[in-house]
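Below: one structure, written as structure tokens.
The values are calculated or read from the model by the stated rules, or taken from the named source; none is laboratory data. Note that the structure is a prediction, hence the values are computed from the model and not measured. Cβ coordinates were reconstructed from backbone atoms using ideal geometry, including for glycine residues, and neighbour counts include every protein chain displayed. Please note that ligands, DNA and RNA were not included when accessible areas were found on the heavy atoms of the full protein model with its side chains. Shrake-Rupley method; radii C 1.70, N 1.55, O 1.52, S 1.80 Å.
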Amino acid sequence: MFQTLYSYFWWERLWLPANLTWADLEDRDGRVYAKASDLYITLPLAFLFLVVRHLFETYVATPLAGLLNVKEKVRLKATPNAVLEKFYAATTKHPKQADVEMLSKKSGCTVRQVERWFRRRRNQDRPSLLKKFREASWRFTFYLIAFIAGMAVIVDKPWFYDLREVWKGYPIQSVLPSQYWYYMIELSFYWSLLFSIASDVKRKDFKEQIIHHIATIILISFSWFTNYIRAGTLVMALHDSSDYLLESAKMFNYAGWRNTCNNIFIVFAAVFIITRLVILPFWIIHCTVFYPLDLYPAFFGYYFFNFMMVVLQSLHIFWAYLIIRMAQKFITGKVVEDERSDREETDNSEEEEEAAKNGPLSNGHPVLNNNHRKTD
């Protein structure tokens, strides 16, 4: 049964144009072609990336955080309470008002004390500022190096300037060593992101991030063994061109360098919109949708590749919406914050919530208005 499924999966008519077989892509006459078995190396490389990341965050990012004066906010810990802790772990971290009143009776605490306990308990589970800075530093370093390497791989190629060259002679296109390593490193990195996503900083677009990583892994893998490598290198370099700007903006934000963060963010927003909403759909996707049809009839692999490209483009539109919202806040003079972030509930935020219910005083003290939150 396994052999039957294997044969159906690798059926040439699924992945290759008509009249071509996998035998046509075997190495010969000095030509080297991409093979699906090449991708096995990306899994051990992904775990190697996790090791390198740990070393980088420990011995590079942490000292850098100290130099940039990245300071942790003081977090008040929730007092030990078995009843509340059991409900927090087993039921929900955000109890409804009826649950709060029920827990108040069971625990012997007032309603307000229960609400404060859950706020502080949620804050204990939120990632520290240092963790966010270290993660941003690692991604900034990789994306910057990957972008420079990617440009070095494609800038001297004819298909970088004329997209019709992407399909010239397809699929009889030999793989260059630079393309091989560019692919293996990029795919390994995205595997490592998927492996670590459960322990990384979680944001409101957590599900979209998982979809993005999976779609990217599928696209890179598929474009490799079907020899869509020229198009693949263009797509990867295009994505890396803005990602390092976003991560650097986060780093400066965590360090409290507001003006630098905002300036980099504006540059990032411009690059993101130009590359993801203009160049990608109107140049790259146009190239992968229309130009191949001049050479061969559409087949399953053609539709599959372009469907995954549309999935990525849809995610870019979603993130562009969030970026534009942040840009509007910046233009109107508000602090730029990551719309994906789960804002920390500080003591000030508690008092502000109480003020909204009970007036300008809380516990006999005037409410402090903190309009300068440090966010993702």
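What number of residues in segment 263-286 are buried (at least 20 other Cβ atoms within 10 Å of the Cβ) and either of a type in the set (D, E, K, R) or within 19 Å of Phe307 (Cβ to Cβ) (or both)?
Count: 2.
Answer with yes or no whether Phe300 is farther than 24 Å from Asn263 by Cα, open to solvent by 80 Å² or more (accessible area, probe 1.4 Å) and assigned by the TED database to the domain that holds Ile210.
So Phe300 fits the description; yes.
Can you give me the number of residues within segment 103-117 that are in a helix (DSSP H, G or I) and either open to solvent by less than 50 Å² (accessible area, probe 1.4 Å) or of a type in the set (A, V, I, L, M, F, W, C) (or both)?
Matching residues across segment 103-117 total 7.
Do the conditions hold for Ala215, that is, is it buried (at least 18 other Cβ atoms within 10 Å of the Cβ) and not hydroxyl-bearing (Ser, Thr, Tyr)?
yes
Pick from Arg139, Arg134, Arg122: which is within 23 Å of Ser199 (Cα to Cα), surrounded by fewer than 18 Cβ atoms within 10 Å (Cβ to Cβ) and basic (Lys, Arg)?
Answer to the selection: Arg122.
When segment 47-92 is examined, which residues are found to be of a type outside the set (Val, Ile, Thr), modelled with pLDDT of 95 or more and open to solvent by 70 Å² or more (accessible area, probe 1.4 Å)?
Phe47, Leu48, His54, Leu55, Tyr59
For segment 151-177, what are the residues that are outside any helix (DSSP H, G or I) and not hydrophobic (A, V, I, L, M, F, W, C)?
Asp156, Lys157, Tyr161, Asp162, Lys168, Gly169, Tyr170, Pro171, Gln173, Ser174, listed by residue number.
How many residues are modelled with pLDDT of 85 or more and part of a helix (DSSP H, G or I) if we restrict to segment 23-43?
8
What is the residue count in segment 156-172 for residues that are touching a residue at least 60 places away in the same chain (Cβ under 8 Å) and open to solvent by less than 60 Å² (accessible area, probe 1.4 Å)?
8
Being assigned to a helix (DSSP H, G or I), within 19 Å of Arg112 (Cβ to Cβ) and without any contact (Cβ under 8 Å) to a residue 24 or more places away in the chain is the filter here, so list the residues in segment 44-100 that pass it.
Answer for segment 44-100, where residues must be assigned to a helix (DSSP H, G or I), within 19 Å of Arg112 (Cβ to Cβ) and without any contact (Cβ under 8 Å) to a residue 24 or more places away in the chain: Phe87, Gln97, Ala98, Asp99, Val100.
Which of the residues belonging to segment 303-312 are closer than 11 Å to Phe222 by Cβ and either in a loop (DSSP other than H, G, I, E, B) or open to solvent by 40 Å² or more (accessible area, probe 1.4 Å) (or both)?
Phe304, Phe307
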